[in-house]
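Below is one structure, written out as structure tokens; comments come after it.
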């Protein structure tokens, strides 16, 4: 079998390659196995019909150009192929939009419901109730949200109400048989103003009798004729094409709302998602280099796995360093409007099999040349580009985000065909990471709100921006497969400014028991009335805080969380475990000696330029070089390392070893995993440094430099990782505003001054200096489990009223304590501390006389300076 224009036909070549009579006599010709496919006549079939026996073989050299003659295809689908079309000869007049019957729509878009329906009896009751499970999930979630935030719950409705009335349409050739839609493909593209208008063709006057004229409306093409023809080539026989501009009535608000709610289902269940990158022109030398580069990868497919990984990894570096063509193409491709669109991000995440199309520059004589490559090839290109040292931080973050999407089949999308098998590096680890966060509303919100939506172009500019924010809510709901949909906009709703939309999604995430909703570390949300919310903006680190999915919050914990307003600002009410601050109740007189010892250690590391895998420490070495002898960040970075090391001396060596073990045990790619030193050897080497009775010179003189340097390097890496994860950088905090703080678990006799904190139960977090005299540290009881160790669950609180200490009477509710949330941080605790926090039971929120103490947490108000 040989591939003929994307279809398999008999390998017997025709008598003459472009003999139109032979083509007309064969029904299995061309990409649609029909001479009439899409009104595709022999005028342009010659440009897509490729017979390898009559073609000259391509040379596999990196400098090869795209050939002007037809390309050889094998029976196995290639990762990189080419199309050539004469746009003047393309005719799409026989394409039409066809309504799909409800039963077929149910089978195409909701296969799980269809299987459940067929497994039940054929009674009317079983048919009408096939969505009961989804209805129950939606009602439970909506009920929980109504208890948490009634005003937000009014803006959502159960999603399963939409699909039953969804008019699903596909683009077909008029000769395709009716009612036989077993699959379809979906097109993904970036909307442009130039392709929105419907084109009308009016017959010339006198062409019809009695002065009649015929007006034919042709749906607008979302891209060029050649690119659209390449999209049609991806169809199987009798298969339909879906894209929103034509298959959704843009003037019908009800149909449009239903389509938006089901957008994830449309792309999730498409056999293939065809991505049109029509704003990325591929140079001819780039196209040839891509095909050569792809064939080098295929040369390793039969090797032993271990050899395959090692040789391919070596080849990756050589290719990226020796040939910058691939890297240049990747950088230009990532600048495409498609990669910045939030809707396209949804379509890519939902797609199971992705195909990418780009025009080739330099086409002449009306011939449109197009390069086609698969998601597998894009994945390989991104894997190589991720190793390039010249990437900007924003580009690297974008590439790593795409890698997480392309590498693994998430639980939502089902299996993906973009995987390339045992790829080099750690694909399995990234698979786990993607699946872990696939259902997190907060993580999806973080990704979506970095991207662009344009809203309804028919609206005025200020309303269009609000509509674009609502689109982002719908996209996040589709990505996470949340069984709720956003209702139509109403003048009685809060205005859909960005922070209000984030508030809705964070509260929805909390109602769905997403622990990230309580652990976001961005700036506090500024609501439409100017008040500051207790909720914080989600930031990118929430998608990579931990490689394994944190467990969902306990249902009873979520039910105990409520949100209210006192007329000036909103607050959240929840239960806390307040941690002890030993520096206040039991200060250690020897702590200043720890600070001096830490200062000497850090200065020695700077003097001898000890390197580590910490970016912060690398910055110190870079700033203290001859080129930057007086950089302003040198004193502050040096100081934060000194403070953190002094806290490590105070907590003890076991604390440091536990933190190192936790950091090394993280299965996500981490610099710590590359450190060759074992913890046991590190403990032996560093023991004398953590012995206060021994001078620091003892550590330096009793060991060989081959032991001292790796130990100090490992120590700096641990400290740097602790600082990086502890300071909430996204909120505007830095090493100048935050410093390390030691906390211990509370004890029943905490009020007794003679009670000393038990050993091996300490943790370190980072808190703002400005509130050091009034702050308290608390952990929401919903986050006490050890499954949340890597999240920013330590809340830094200050009393809302300094005159009353925060205590104020709340009518009918007993005592109440009003707090202001100042910051959040990761708790870097040793094992016994974390286990003790996990095991804590009982209610500590009792005041005098056994009355319940209610904790109300506010965001920082204007009177508080409005800073987080």
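The values are calculated or read from the model by the stated rules, or taken from the named source; none is laboratory data. This structure is a prediction, so every number in the text was calculated from the model and none was measured. We place every Cβ from the backbone using ideal geometry, glycine too, and count neighbours over all the protein chains shown.
Specify the residue that is modelled with the lowest pLDDT; the eligible residues are those in the range 385-411 that are in contact with a helix residue (DSSP H, G or I) (Cβ under 7 Å, 6 or more places away or on another chain), part of a loop (DSSP other than H, G, I, E, B) and closer than 23 Å to residue 350 by Cβ.
411
All but one of (1) more than 20 Å from residue 724 (Cα to Cα); (2) more than 37 Å from the chain's Cα centre (by Cα) hold for residue 654, so report the exception by its number.
Only one criterion is unmet by residue 654, namely (2).
Limited to the range 178-217, what total is found for residues that are assigned to a helix (DSSP H, G or I) and at pLDDT 65 or above?
Kept after step one, since they are assigned to a helix (DSSP H, G or I), are these residues of the range 178-217: 193-195, 209-211.
Going one step further and asking which of them are at pLDDT 65 or above, we end up with 209-211.
Number of matching residues: 3.
I need a count of the residues in the range 683-720 that are under 25 Å from residue 621 (Cα atoms) and not in a helix (DSSP H, G or I).
So the answer is 2.
Run down 530, 509, 522 and say which single residue is in a helix (DSSP H, G or I) and more than 30 Å from residue 709 (Cα to Cα).
On the way: 530 fails: in a helix (DSSP H, G or I); 522 fails: in a helix (DSSP H, G or I).
Just one listed residue meets the conditions, 509.
Of all helices (runs of 4 or more DSSP H) completely enclosed by the range 536-620, which ones contain at least 3 residues that are closer than 25 Å to residue 837 by Cβ and in contact (Cβ under 8 Å) with a residue 60 or more places away in the chain? Break it down stepwise before answering.
Details: elements: 555-559, 582-585, 591-607.
The helices (runs of 4 or more DSSP H) meeting that bar are 555-559, 582-585.
Those residues that are free of Cβ contacts under 8 Å to residues at least 24 places away in the same chain and more than 20 Å from the chain's Cα centre (by Cα), I need them from the range 366-408; list them, please.
389
Would you tally the residues in the range 456-480 being buried (at least 18 other Cβ atoms within 10 Å of the Cβ) and outside any helix (DSSP H, G or I)?
Within the range 456-480, residues that are buried (at least 18 other Cβ atoms within 10 Å of the Cβ) and outside any helix (DSSP H, G or I) number 1.
Tell me whether the range 541-561 contains one or more residues that are crowded, with 18+ Cβ neighbours inside 10 Å, within 22 Å of residue 733 (Cβ to Cβ), touching a helix residue (DSSP H, G or I) at 6+ places or on another chain (Cβ under 9 Å) and modelled with pLDDT of 95 or more.
For the range 541-561, residues crowded, with 18+ Cβ neighbours inside 10 Å, within 22 Å of residue 733 (Cβ to Cβ), touching a helix residue (DSSP H, G or I) at 6+ places or on another chain (Cβ under 9 Å) and modelled with pLDDT of 95 or more: absent.
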